[in-house]
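None of the figures in this text is laboratory data; all of them are computed from the coordinates on show. Keep in mind the model is a prediction, meaning the values are calculated, not measured. Here Cβ is always computed from backbone atoms with ideal geometry, including for glycine, and neighbour counts include all displayed protein chains.
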Amino acid sequence: MNRAVIVGASAGGLATAEALRKAGFAGGITLIGDEPQLPYDRPPLSKQLLSGQWEPDRLALRPAADIEALGLDLRLGVRATGLDIERQVVTVADEVDVPYDALVVATGVRARRLPDTDGVAGVHSLRTLPDALALKERLRPGRRLVIVGAGFVGAEVAATASALGVQVTLLESGSVPLAAAVGEEVGRFMTGLLHEHGVAIRTGVAVAELTRAGGGATGVRLADGTVLPADDVLMAIGSVPNTEWLAGSGLTVQNGLVCDQYCAAADGVYGVGDIARWHNPRFGTDMRIEHRTNAAEQGMAVARAILGDLRPFTPVPYFWSDQCGVKFQAYGHLRDHDEALVLESDPAARQLLVAYRKADRLVGVLAAGISPKLLRAWRALIAAATPWSAALAITTV
Amino acid sequence: MKVSVEADKCVAAGQCVLLAPEVFDQREEDGVVVLLDETPEPQRHAAVRESAMVCPAAAIHLAES
């Protein structure tokens with residue numbers, strides 16, 4: 001193994017490169033990324049960057065000198081366009097093919113958009129630094145912002161924009177935000193926080209189209225005919241894996257790059273981060289996780305696998321979200337739960353604790369306003385696949 | 001090895017405490033990182049490096065001689 005090629009230069013790709021070097025790998029590492037910036041962090045885009053607390057330079061994942069010290073063949077602003085796993089080469093736009101011995105696919109996801117909204121002035125996504133800077137520029141007191149999608153990102157932006165004096169309307173297709181992912185009580189709790197922060201929320205609504213004038217958006221028309229005037233519209237309706245460049249490669253793509261428990265998609269080809277759908281034996285299921293911590297952990301696991309240290313990748317997924325000054329944290333695999341049991345919900349004290357059951361086992365926990373240290377005990381129970389009844393007996397005494 | 005942390009970047013994920021509990025802790029109230037040992041013993045270096053790599057806020061910095 002002389003040459004590792006990593007496609008995708010965000011958290012997952014960089015972690016893989018860094019872990020290879022820390023493990024003593026002295027061969028060539030090519031890191032290809034389609035964004036021109038040095039690798040930067042995305043969670044602060046909807047938080048500190050948008051609120052103006054941080055300037056963009058604070059987003060750097062590593063100081064430039066640390067990246068220099070990794071001795072990478074770093075190709076930024078370069079888009080991978082194809083893959084030939086027989087010849088073991090990556091095709092890139094406007095450059096010669098890049099051969100590899102080991103390939104890491106870490107091209108992540110992009111923001112989902114409503115059809116026919118590309119290039120319309122005043123319509124935003126929030127995935128990249130330019131996205132965030134463009135939106136930030138527009139958040140001025142008295143302006144009207146409609147956010148389509150009341151997931152964690154949409155809600156984070158809603159609270160931030162509202163604090164900047166923007167009139168915010170948050171649209172949700174379900175009857176309660178977040179219900180499918182983490183249960184109705186979490187959605188109701190978050191709704192309460194957002195109301196306190198002056199955000200208007202409309203649930204059970206479908207967007208029919210944008211209203212436009214002169215090439216720009218002027219608002220959103222709902223399916224019932226209501227028009228919500230807006231100066232800006234943010235699409236926060238989830239993401240799409242960037243797998244197009246893998247078409248025809250022979251790799252299996254199915255809502256992400258399908259990988260085994262070692263994160264391998266084929267001999268010498270691995271998936272890392274938001275794009276990878278791998279089998280997590282700890283939960284006995286395939287998962288694709290768009291969480292910041294997973295990108296780094298998976299990059300480290302893949303670096304080990306490339307160097308011959310094969311161990312199944314079995315993380316307990318973790319995410320956090322800052323909502324109206326309250327930190328939400330969750331461990332485990334919440335999405336496919338059979339039951340979301342509310343153990344504590346005190347909106348006045350801004351505290352919430354929900355445990356998640358799948359079959360007869362504890363698979364997750366979500367907390368808001370609760371000491372992160374206390375939550376680690378829950379993580380241990382989830383990691384140990386604790387039976388539901390036993391977990392509740394331990395945690396409710 | 002000399003360890004430093006940027007507390008104002010910390011997102012309280014606690015990944016560092018899981019990996020290197022002798023070197024990192026969290027504040028009770030908000031989970032923000034507390035550095036217990038600025039110059040950890042060599043046998044802890046691997047875990048500390050892993051903590052720095054996995055930190056989701058890139059808030060752990062290492063100076064290695």
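Calculated FRET efficiency, A:Asn2 and A:Ala266, Cβ-Cβ r, R0 22 Å, to nearest 0.05?
0.75
Which ³J(HN,Hα) values, rounded to whole Hz and listed in residue order, are derived for the stretch B:26-35 from phi using the Karplus coefficients 6.51, -1.76 and 1.60 in 6.51 cos²θ - 1.76 cosθ + 1.60 with θ = phi - 60°, glycine and proline given as x?
Here the 3J(HN,Hα) series is 10, 5, 4, 6, 10, x, 5, 4, 10, 8 Hz.
Take peptides A:303-316, A:10-23, A:228-241 and line them up by average Cβ neighbours within 10 Å, highest first, as a rough protection proxy.
So the peptides A:303-316, A:10-23, A:228-241, ranked by packing, come out A:10-23, A:228-241, A:303-316.
Of the residues A:Ala163, A:Ala384, A:Ala155, which exhibits the maximal mean-square fluctuation in a Gaussian network model of chain A defined by a 10 Å Cα contact cut-off?
Of A:Ala163, A:Ala384, A:Ala155, the Gaussian network model singles out A:Ala384 as fluctuating most.
In whole Å, how far is the Cα centre of the stretch B:31-56 from that of the stretch A:196-249?
Rounded to whole Å, the Cα centres lie 42 Å apart.
Averaged over B:49-57, how many beta carbons belonging to a partner chain fall within 10 Å of each residue's beta carbon?
Shielding by partners across B:49-57 averages 6.
Pairs of alpha-carbon atoms within less than 8 angstrom and 6+ residues apart define the contacts here; what relative contact order does the stretch A:325-395 have, in percent?
30 percent.
Quick check: the distance between the Cα centres of the stretch A:37-57 and the stretch A:121-147, to the nearest angstrom?
Result: 14 Å between the Cα centres.
What shape does the stretch A:138-215 take by its C-alpha gyration tensor, where a ≥ b ≥ c are the square roots of the eigenvalues and a/c under 1.5 counts as rounded, a/b above b/c as prolate, and the rest as oblate?
Details: a/c = 2.52, a/b = 1.31, b/c = 1.93.
Oblate is the answer for the stretch A:138-215, as a/c is 1.5 or above yet b/c matches or exceeds a/b.
Could I have the simple spin-label model distance between A:Val227 and A:Arg376, label points 7 Å from Cα toward Cβ, reported in nm to one decimal?
Those two pseudo-labels are separated by 5.6 nm.
Can you tell me how the stretch A:181-253 classifies by the Cα gyration tensor, rounded, prolate or oblate, using a/c under 1.5 as the rounded cut?
oblate
Assuming a ≥ b ≥ c are the square roots of the Cα gyration tensor eigenvalues, decide whether chain A counts as rounded (a/c under 1.5), prolate (otherwise, with a/b larger than b/c) or oblate.
oblate
Which far-off residues, 5 or more places away or on another chain, put their amide H under 5 Å from the one on A:Arg361, with H placed in the peptide plane?
When sequence neighbours closer than 5 places are left aside, the close amide H contacts are A:Trp388.
Pairs of Cα atoms under 8 Å, at least six residues apart: use those to get the relative contact order of chain B, whole percent.
This gives 46 percent for chain B.
Taking each residue in A:197-208, count the Cβ atoms of any other chain within 10 Å of its Cβ, then average. What number comes out? Present the calculation step by step, with values, prior to reporting the outcome.
Working: counts 0, 0, 0, 0, 0, 0, 0, 0, 0, 0, 0, 0.
That works out to 0 on average.
Let me confirm one metric for peptide A:9-16, namely the mean number of other chain beta-carbon atoms within 10 Å of its residues' beta-carbons. Can you show the working numbers first?
On the way: counts 0, 0, 2, 0, 0, 2, 2, 0.
That works out to 1 on average.
Compute a Gaussian network model of chain A, connecting alpha carbons closer than 10 Å, and tell me which residue from A:Ile275, A:Ile382, A:Ile370 fluctuates the most.
Taking springs between Cα atoms under 10 Å, the residue moving most is A:Ile370.
Can you run phi through the Karplus equation (6.51, -1.76, 1.60; θ = phi - 60°) for the stretch A:331-338 and list ³J(HN,Hα) in whole Hz, with x for Gly and Pro?
Coupling constants for the stretch A:331-338: 10, x, 10, 8, 4, 9, 5, 8 Hz.
Express the relative contact order of chain A as a whole percentage, based on alpha carbon pairs under 8 Å and six or more residues apart in sequence.
That works out to 15 percent.
Report the label-to-label distance for A:Glu339 and B:Ala63 in nanometres (one decimal), using points 7 Å from each Cα along the Cα→Cβ vector.
It is 5.4 nm.
Tell me what chain A gives for mean residue ellipticity at 222 nm when only DSSP H runs of n ≥ 4 count, each as -39,500 (n - 2.57), the sum divided by the residue total, rounded to 500 deg cm²/dmol. Write down the numbers at each step before the final one.
On the way: 10 runs with 96 residues, N = 397.
After summing the helix terms and dividing by residue count, I get -7000 deg cm²/dmol.
Considering only Cα-Cα distances, which of the following residue pairs are longer than 29 Å: A:Lys136/B:Lys9; A:Lys136/A:Lys373; A:Lys136/A:Lys358?
Values: A:Lys136/B:Lys9 20 Å; A:Lys136/A:Lys373 33 Å; A:Lys136/A:Lys358 40 Å.
Checking Cα-Cα distances, A:Lys136/A:Lys373; A:Lys136/A:Lys358 exceed 29 Å.
In whole Å, largest first, what are the principal axis extents of the Cα atoms in the stretch A:257-397?
Computed over the Cα atoms, the extents are 53, 33, 23 Å.
Run the simple label-point estimate for A:Ala390 and A:Ser175 please: 7 Å along Cα→C-beta, distance reported in nm.
Computed distance between label sites A:Ala390 and A:Ser175 equals 3.7 nm.
List the residues, sorted by chain then number, that are 5 or more residues from B:Gln26 or on another chain and whose placed amide H is less than 5 Å from its amide H.
B:Val34
Can you tell me which lysines have their Cα less than 23 Å from the Cα of A:Lys22? Leave out same-chain residues fewer than eight positions away.
Reachable lysines: B:Lys2.
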